[in-house]
Amino acid sequence: MPAIETFGLEKTYTVGFWRKRPRCALLPLNLAVEEGEVFGYLGPNGAGKTTTLKLLMGLMFPTAGCAKILGREVNDPQVKAQIGFLPEQPYFYDYLTARELLEYYAQLSGVGARARSRRVAAVLERVGLRDVAGVQLRKFSKGMLQRVGIAQAILHDPKVVFLDEPMSGLDPIGRREVRDLMESLKQEGKTVFFSTHILSDAEALCDRVAVLHKGELRGIGVIADLTSSVRGKVEVIWQGGVIPPAIHALSPECHLIGAMARAVVDENQLDAAIDALRRANLKLVSVTPVRATLEDYFVEKLSPAEVAAR
Amino acid sequence: MRPSRHTTAILAAILVVCLAAAVFSITLADRARPSSTLEEMLYIPSPSVLRRMSLGYTGLLADIYWTRAVQYFGGKHVLASHEYKLLAPLLDITTQLDPHLTVAYQFGAIFLTQPPPNGAGDPDAAIKLVKFGIRENPDNWHLYYNLGFIYYLEKKDYVAAAQAFEQGSKVPHAHPFLKLLAARMAERGGDLETARMLWTMTYDDSRDKDIKANAISHLRALQVDEAVPRLEQLIRQYFERTGHYPGNWAELVRAGYVPGIPLDPAGHPYKLAPEGKVWVAVPDALPFITQGLPPGVKASEMPRL
Amino acid sequence: MSRVASIASNTFREAVRDRVLYNLIGFALLMVAASLLVGQISMNIERNVVINLGLTAVSLFGLVIAIFIGIGLVSKEIEKKTLYTILSRPVRRWEFILGKFGGLVATLVVNTFFMAIGIFAAVFYLAHHFQRADSYLLVALYFIILQFVMITALALLFSSFSSPLLSAVFAFALFIIGTFAQDLRGFASLTHGVIGWIAIAAAYVVPNFAALNVISSVAHDQPVAASLVLYNTLYALLYSAAAVAGAMLIFERRNLK
């Protein structure tokens, strides 16, 4: 049973006061995320990522279609006990301390009275906020609030965790910590569905990704498969500080790096390049396949040409 | 994934049922409240305090108190009450808040003066009210008329009434009738014709439906007060000629004394009573009459507003 | 149900930490000043003045609190997005509304309780002993609490669909209209035809706060009939239930952008 499934999930707004025009925030979306997956939901700002998450959380109602989480309707309270949600740029009751907030949330999530303080302490430790547990949230920095957000999303040990831009506003250390946390969630067998527009994070963490643009799903699949479909290149580095003209002809990208030189050629031209270097008596240092990055895939999926091809 | 239809239906049902039940409860509460507490609500001892409390919105508050005065009077009148204790204070408050609310003076002039159950029976309070009105609105001839009316109606002080009408006639654009009334009042205050002129004037001058209806009642009473003695005189003439009183109106018609069966203003035929008297058939239908009442029957207590 | 209680107690906690209860200090000062000043007048109406002033102050202070907190109950949570992490939990939307309502009512009851102590203290100070008529004060206070329940329900209703500013305007307007509800019915009965029917319907739907105001009769040491207590209780509770149901209905269907 997929952890998350959408069937033609759609959201259209009518904007305008006098002449109502429809604005489509999300075109019919069909998606399935398996249990235990870490799924990246990518797209530029305004693509509809947050809209999708809100629909899945039951905060908004779709204009068409439906979704299921763990095989049940999204608004089913039994489902809600099994999911955690971190909204984008979260804001919490600032008059509460971290511990009070988490205990309140634990109560609402149905965590029994006896287990409550234990769980809260454990999760505070896990996100590294144990020392500020008694401090009012209004004194927290952005990074600390983000960690509180993650804490409240996982404190009731949910099976599926939804994170909207979990790295936003964090410094590199913070981001590393969140990444590690997400890794550990995966190891616990949880399903993690997170949206982001930072591709390097997605590359590092995800099993599968989907790319969303202007409300439309542009691509979905395992990262390795997606990136391999982009034509592979090979990077060649040699000593000598000289670029033979033959290499120039083979590759538009070549330059000198101190005493060495570098060129990027297509896979099928590798032999020709190595030959050219041998003829010039230049010493080969390394030959490395350059995989297309997710970014290439991303940019390609967003391009108007892609739209025209559809 | 939509909001559950089940929940929506239950909530909507709760809303409607609770609202209906709430309205029902408040009607029960209204009945349970003793009327004295109701009056307490209406009343604040000092108009000047009220004026200060109204934060400048005196006009609106005056309207509210005016409505309360009308309702208070109307509510009690329907029950043929003999007590209208709060009418004068309510009108006082109204006019203190808005001295230019002329209809309040008119209302007071009539319904404070008339004896219960058709009024509070307090002509002095009425005089005080209207004099205040005159002070605040010296160019309003209607108020002089109202004042004269009070002196005429219950106090029967025709001299003072004449004076009031006289003063009123001096106001620019005053109704020419006032001068006429002043003269009449001085000479023939007690006349039926004078009364008719006054009540007709009241009827014409006012736009308030209670005042108009009251004026009509009085005019009808005047008709009766005029008709009954006239009919009794005709009957006496018949008696002198024939030696006996007529058994029915047909006899008088045949004898040429009356053109047809005479009807009172309420539409009922007059009754021929023993000893040549004429009575009205349904005294209750004609308040304020002083003639044509069967013995033992007082002037109508039933209000006919 | 325990979720509703959690939300209610959190709402109460929020009000307290927002320093709402500091208004009690202002009230205490007012009562002390009034009691001392009134002693100077000695026209045998001190008791009347203190009770009138005290109960009116309780009513007005509470009204302001009820409206200012009430209008933000839902809209503030939506604006600050604190609602997102609440509704993603197994909390039904109607439970949320009910909890918020309960929390604010609890705050007002606690507030009124302390104010009641203040009034009784002032009354005792004047007379140096308690009288039977003092128990009527309890009825007046109870009615005032009923008024708070109604106003809170209405403020909550407005909060569920309207911005704080508009909600405040509506709530205050309804309070003023409700105070003159009796007169509104008077006006309505003077109109005729279709307008008349509409006016009368409106006059009954408007919350009748005048009916719950027994301040002046209690100030004159008049008791309140038991049947009136019963009917007023029913009225206030049923009316508030209707308003809260309305709030739930609106909130249930609301898209949180």
Could you tell me whether the range A:270-277 includes any residue that is β-branched (Val, Ile, Thr), under 29 Å from A:His213 (Cβ atoms) and not assigned by TED's automatic domain parsing to the domain that holds A:Asn45? no
Consider B:Pro176 carefully, then state whether it is within 30 Å of B:Val280 (Cβ to Cβ) and in the same structural domain as B:Ala88 (by TED's automatic domain parsing). no
In this structure, is B:Tyr203 modelled with pLDDT under 90, over 30 Å from B:Asn146 (Cβ atoms) and touching a helix residue (DSSP H, G or I) at 6+ places or on another chain (Cβ under 7 Å)? no
Looking at C:Ala243, C:Ala203 in this structure, which one is at the interface with chain B (Cβ under 9 Å from one of its Cβ atoms) and in contact with a Leu (Cβ under 6 Å, 6 or more places away or on another chain)? C:Ala243
Might you let me know whether the range C:77-96 holds any residue that is buried (at least 19 other Cβ atoms within 10 Å of the Cβ) and more than 14 Å from chain A (Cβ to nearest Cβ)? no
Is it true that some residue in the range A:117-127 is within 12 Å of chain C (Cβ to nearest Cβ) and in contact with a Leu (Cβ under 7 Å, 6 or more places away or on another chain)? no
The condition of being within 21 Å of C:Leu156 (Cβ to Cβ), among the β-branched types (Val, Ile, Thr) and away from every other protein chain (no Cβ under 12 Å) holds, among C:Ile71, C:Ile51, C:Ile7, only for C:Ile71
Which of the residues spanning the range B:72-100 are more than 26 Å from B:Arg135 (Cα to Cα) and of a type in the set (Ser, Thr, Tyr)? B:Tyr72, B:Ser81
Considering residues of the range C:97-126 that are surrounded by fewer than 19 Cβ atoms within 10 Å (Cβ to Cβ) and aromatic (Phe, Trp, Tyr) only, the residue modelled with the lowest pLDDT: C:Tyr125
From the list C:Ala5, C:Ala57, pick out the single residue that is surrounded by 14 or more Cβ atoms within 10 Å (Cβ to Cβ), closer than 23 Å to C:Ala133 by Cα, at pLDDT 85 or above and of a type in the set (Gly, Ala, Ser). C:Ala57
Based on this model, can you work out whether A:Tyr93 counts as free of Cβ contacts under 8 Å to residues at least 40 places away in the same chain and not in a strand (DSSP E or B)? no
Flag if C:Ala236 is within 25 Å of B:Arg68 (Cβ to Cβ), at the interface with another protein chain (Cβ under 9 Å from one of its Cβ atoms) and modelled with pLDDT of 90 or more: yes
Of everything in the range C:191-216 that's outside any loop (DSSP other than H, G, I, E, B) and in contact (Cβ under 8 Å) with a residue 40 or more places away in the chain, which residue is surrounded by the most Cβ atoms within 10 Å (Cβ to Cβ)? C:Leu212
What do you reckon, is C:Ile176 surrounded by fewer than 24 Cβ atoms within 10 Å (Cβ to Cβ) and within 15 Å of the chain's Cα centre (by Cα)? yes
Condition first: more than 29 Å from B:Ile289 (Cβ to Cβ) and part of a loop (DSSP other than H, G, I, E, B). Now tell me which residues in the range B:81-118 satisfy that. B:Leu86, B:Asp98, B:Pro99, B:His100, B:Leu101
Take the range A:64-95 and flag every residue that is more than 9 Å from chain C (Cβ to nearest Cβ), hydrophobic (A, V, I, L, M, F, W, C) and surrounded by fewer than 24 Cβ atoms within 10 Å (Cβ to Cβ). A:Ala64, A:Cys66, A:Ala67, A:Leu70, A:Val74
Report, ordered by the first and then the second residue, all pairs with beta carbons closer than 8 Å, sequence separation of six or more or different chains, a first member in the range C:177-188 that is facing chain B (nearest Cβ under 10 Å) and in contact (Cβ under 8 Å) with a residue 12 or more places away in the chain, and a second member that is crowded, with 20+ Cβ neighbours inside 10 Å and not in a helix (DSSP H, G or I). C:Ala181/C:Pro207; C:Ala181/C:Asn208; C:Ala181/C:Phe209; C:Gln182/C:Asn208
Filter result for the condition that a residue is within 24 Å of A:Lys214 (Cβ to Cβ), touching a Ser or Thr at 6+ places or on another chain (Cβ under 8 Å), in the same structural domain as A:Gly221 (by TED's automatic domain parsing) and at pLDDT below 90, over A:Gly43, A:Gly48, A:Gly16: A:Gly43
Look through the range A:51-63, keep the residues that are more than 8 Å from every other protein chain (Cβ to nearest Cβ) and closer than 15 Å to A:Leu217 by Cβ, and return whichever of them is surrounded by the fewest Cβ atoms within 10 Å (Cβ to Cβ). A:Thr51
Give just the number: which of (1) assigned to a loop (DSSP other than H, G, I, E, B); (2) more than 19 Å from B:Pro3 (Cβ to Cβ) does A:Tyr41 not satisfy? (1)
Can you tell me which residue in the range A:103-116 is nearest to the other protein chains (Cβ to nearest Cβ), limited to those that are within 14 Å of A:Gly84 (Cβ to Cβ) and touching a helix residue (DSSP H, G or I) at 6+ places or on another chain (Cβ under 7 Å)? A:Leu108
Restricting to the range B:206-218, name every residue that is over 10 Å from the mean Cα position of the chain (by Cα) and surrounded by 19 or more Cβ atoms within 10 Å (Cβ to Cβ). B:Ser206
Need a quick list: strands (runs of 3 or more DSSP E) entirely within the range A:176-287 having at least 2 residues that are touching a residue at least 12 places away in the same chain (Cβ under 8 Å) and of a type in the set (Ser, Thr, Tyr). A:191-196
Residue check: is B:Val103 under 19 Å from B:Leu129 (Cα atoms), away from every other protein chain (no Cβ under 11 Å) and touching a residue at least 60 places away in the same chain (Cβ under 8 Å)? yes
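The values are calculated or read from the model by the stated rules, or taken from the named source; none is laboratory data. Nothing here was measured: the structure is a model prediction, and the numbers come from that model. Reconstructed Cβ throughout: ideal geometry from the backbone, glycine too, with neighbour counts over all protein chains shown.
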